[in-house]
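Notes for the one structure printed next.
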Amino acid sequence: MIDVIDLTKRYGSLTVLDHITETIHEGERIAIIGPSGSGKSTFLRCLNCMEDPTSGSIIFEGTDLADMKVNINIHRRHMGMVFQQFNLFHNKTVLDNITLAPLLIALRASRRQRFTAFWKRLLGKPTPDVKTHAQLKAEKEAQAHTLLRRIGLEEKASVYPSTLSGGQKQRVAIARAMAMNPKVMLFDEPTSALDPEMVGEVLELIRQLADDGMTMVIVTHEMGFAREVASRVFFMAGGVIMEQGTPEEIFDHPKCDRLQDFLSKVI
Amino acid sequence: MDGFARFIKKWDAFLHTLIDDGGYNWVLEGLRNTLLIAVVGLILGILIGTVIAMVEVMPKYKRLPRVLNKVCHAYVAFFRGTPIVVQLLVGYFVLRPMLGLNLSALGSCMLIFGMNSGAYVSEIMRGGINSVDPGQLEAGRAVGLGYWTAMLKIVVPQAVKNILPTIGNEFIALVKDTSIVSFVGATDLYVAFKYIGTNNYEFMVPYLVMALIYIVLVLLITLGIRLMERSLNKSDRRH
Ligand SMILES: Nc1ncnc2c1ncn2[C@@H]1O[C@H](COP(=O)(O)OP(=O)(O)OP(=O)(O)O)[C@@H](O)[C@H]1O
Ligand SMILES: [Mg+2]
């Protein structure tokens with residue numbers, strides 16, 4: 001699904017990702033672990049080109065996202081991203097946070113359809129029905145309500161994010177990403193900014209997504225969670241994926257010294 | 001009490017011109033124009049300033065944003081670096097006939113004041129945009145919105161809220177600066193009161209009243225901004 005080919009990322013003279021080649025398949029749940037500064041976030045952010053790779057390719061469903069001529073916005077819609085700091089839109093209600101992008105995109109598409117329908121009608125050809133603004137809005141809001149029900153926050157639809165707890169914010173952020181019907185979800189330390197008592201509710205939601213077969217890549221410091229949910233674990237250090245394997249291989253039979261050392265410190 | 005008696009006489013003469021001779025028509029027209037120039041100027045200024053600010057904070061690794069940025073810098077440097085009177089005179093007496101624009105004095109004033117204000121608002125707006133957490137833009141881009149869409153839908157509204165008090169000051173500055181539009185023959189508050197004064201060759205009372213009107217205007221605007229700020233903050237906390 002995502003082919004990372006010879007990915008390198010430099011900031012000035014600092015090489016953060018060093019010639020990484022890796023394939024992420026559909027249905028995989030990849031956990032990325034590793035010490036601070038090893039390039040985990042940078043790797044994740046290169047997957048949807050939030051950071052542009054210095055060199056190399058990110059082939060997502062046959063398109064090289066690293067190619068600057070590609071319209072990245074279209075492809076990002078299929079890749080949900082969840083941030084450590086939630087990054088909910090402060091100026092939008094919970095419902096609007098979820099519907100903003102799907103609605104804007106649908107409206108733009110319907111405007112284009114209406115435009116072509118107009119010419120077809122002039123030429124006397126049959127015209128397809130184009131949904132109105134109100135119909136699309138109702139549709140997207142219904143979808144958002146379904147998502148909110150699923151994360152147990154339906155009664156919060158009309159509040160602003162500033163009134164939510166950290167755990168609630170992150171669940172809404174996940175719902176916002178899910179509203180795009182992404183093919184893959186990218187999580188960057190989704191529970192690191194949370195108070196301990198709220199970590200559970202967020203991990204539980206991510207676990208549900210995993211059970212539904214969502215392809216996901218999670219950067220995490222929650223080793224227990226990685227072990228339980230991941231189908232494959234990457235250990236990153238010094239800008240490369242130093243070791244990878246099933247959770248059993250990584251956590252129970254680590255091969256390289258760096259990983260053994262890392263695990264002895266975090267567990 | 002000779003001085004006081006003389007003042008009362010002047011006051012009577014002023015009232016006579018203002019009310020019996022229809023001087024209030026000038027005042028109303030002047031007030032309307034003053035506010036019109038300031039309001040249209042501010043709206044134009046916010047539009048221009050927002051565009052400039054968005055260009056200035058754009059990532060610069062492509063060529064087009066770099067070129068646009070240079071243009072915006074030159075624009076801001078010009079409008080901040082020359083007196084507004086000069087901009088008004090050049091705009092009205094040089095550019096307007098040269099470009100063959102069919103603009104009234106009032107229209108020209110709105111345009112020039114808007115363009116001038118745009119330069120100042122762009123700096124305010126840039127500060128406002130920079131005060132918004134970069135994560136907001138990132139989140140917008142991550143759900144597939146383009147740079148401009150994400151800026152306009154998410155970042156700029158938050159920036160505007162942060163800079164509302166400063167924009168209010170810009171509006172007040174504009175209201176005050178409009179008192180120079182008589183240079184190109186537009187009728188504003190100052191011109192109205194000058195007419196009234198000329199009627200009796202007596203300027204003390206008209207200019208005193210004019211000053212009071214400006215003060216009241218500024219106080220009202222200040223109050224309006226206070227109220228707007230409060231209602232915005234409320235929407236933030238609404239459950
Ligand atoms: N925009 C940037 N400019 C310069 N250097 C950067 C930038 N972003 C990241 N880096 C550097 O790249 C390296 C890797 O950063 P990255 O955030 O990917 O690490 P990480 O593995 O996610 O660490 P952590 O566990 O602390 O989140 C760090 O040394 C960091 O200082
Ligand atoms: Mg990180």
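Provide, for chain B, the number of lysine pairs with alpha carbons under 14 Å apart, each pair being eight or more places apart or on different chains. Please list the in-between numbers first.
Working: B:60/B:70; B:62/B:70; B:153/B:161; B:161/B:234.
Taking chain B as the scope, the lysine pair count is 4.
Summing charges over neighbours of residue A:35, with a neighbour being any other residue whose Cβ is under 14 Å away from its Cβ, gives -1 when K and R count +1 and D and E count -1. With no solvent and one equal point scatterer placed on each C-alpha of segment A:158-238, evaluate the Debye formula and give log10 I(q)/I(0) for q = 0.24 Å⁻¹, two decimals. Taken in order of the listed q values, log10 I(q)/I(0) reads -1.29.
For the pair segment A:211-267 / segment A:10-82, the C-alpha centres are spaced 18 Å from each other. Among the residues of A:82-94, the average count of other protein chain beta-carbon atoms within 10 Å of the residue beta-carbon is 5.
In terms of packing, defined here as the mean over residues of other Cβ atoms within 10 angstrom, the peptides A:188-196, B:210-218 line up highest first as A:188-196, B:210-218. Bridge orientation summary for the protein assembly as shown: considering DSSP beta bridges with both residues in this region, about 55 percent are antiparallel. 3J(HN,Hα) along segment A:215-226: 6, 8, 10, 10, 8, 8, 9, 8, 5, x, 5, 4 Hz, from the Karplus curve 6.51 cos²θ - 1.76 cosθ + 1.60 with θ = phi - 60°, whole Hz, x for Gly and Pro. Neighbours of residue A:10 by Cβ distance under 13 Å: Lys/Arg scored +1, Asp/Glu scored -1, total -2.
Averaging Cα coordinates gives a centre for segment B:64-102 and one for segment B:196-221; these two points are 32 Å apart. Its alpha carbons give segment A:124-204 an Rg and a Dmax of 16.7, 64 Å. Name all residues of segment A:174-215 having a backbone nitrogen under 12 Å from the label point set 7 Å from the Cα of residue A:231 along its Cα→Cβ direction, giving them as ranges. Answer for segment A:174-215: A:210-215.
The alpha-carbon atoms of segment B:66-199 define a convex hull whose volume equals 139 cubic angstrom per residue. In a reduced charge model with +1 at each Lys and Arg Cβ and -1 at each Asp and Glu Cβ, the protein assembly as shown shows a dipole moment near 1680 debye about its Cα centre. Share of Cα-Cα pairs in chain A beyond 33 Å, in percent? In whole percent, the long-distance tail amounts to 28.
Shown for chain B is the translational diffusion coefficient from the Stokes-Einstein equation, using the Kirkwood radius over Cα pairs, a temperature of 25 °C and a viscosity of 0.890 mPa s: 121 µm²/s.
How far, in degrees from 0 to 90, does helix B:23-57 lean away from the longest principal axis of the Cα atoms of chain B, to the nearest 10? The angle comes out at about 20 degrees. In this rough spin-label picture, where each label sits 7 Å from Cα along the Cβ direction, the residue A:138-residue B:90 distance is 5.7 nm. Counting only aspartates and glutamates at least 8 places from residue A:120 when in the same chain, those with an alpha carbon closer than 13 Å to its own are A:129.
Once backbone amide H atoms are built at 1.01 Å from N, residue A:16 has A:9, A:10, A:11 as its partners under 5 Å, excluding neighbours fewer than 5 places away on the same chain. Helix A:133-150 axis versus longest C-alpha principal axis of chain A: approximately 30°, rounded to the nearest ten.
Residues B:123, A:248, ranked from the fewest to the most other C-beta atoms within 10 Å, line up as A:248, B:123.
Other residues with beta-carbon under 9 Å from the beta-carbon of residue A:234 carry, at +1 per Lys or Arg and -1 per Asp or Glu, a net charge of 0. The distance from the alpha carbon centre of segment B:136-163 to that of segment B:1-22 is 57 Å, rounded to a whole number.
The modelled label-to-label distance between residue B:220 and residue B:173, using points 7 Å beyond Cα along the C-beta direction, is 2.3 nm. For the pair residue A:109 and residue B:212, label points projected 7 Å from Cα toward Cβ lie 6.5 nm apart. Placing one equal scatterer on every Cα of the protein assembly as shown and applying the Debye formula, the log10 ratio I(q)/I(0) at q = 0.08, 0.12 Å⁻¹ is -0.68, -1.14.
Bear in mind that the values in this text are calculations on the coordinates, not laboratory data. This structure is a prediction, so every number in the text was calculated from the model and none was measured. Methodologically, a virtual Cβ is constructed for each residue, glycine included, from the backbone with ideal geometry; neighbour enumeration extends over all protein chains shown.
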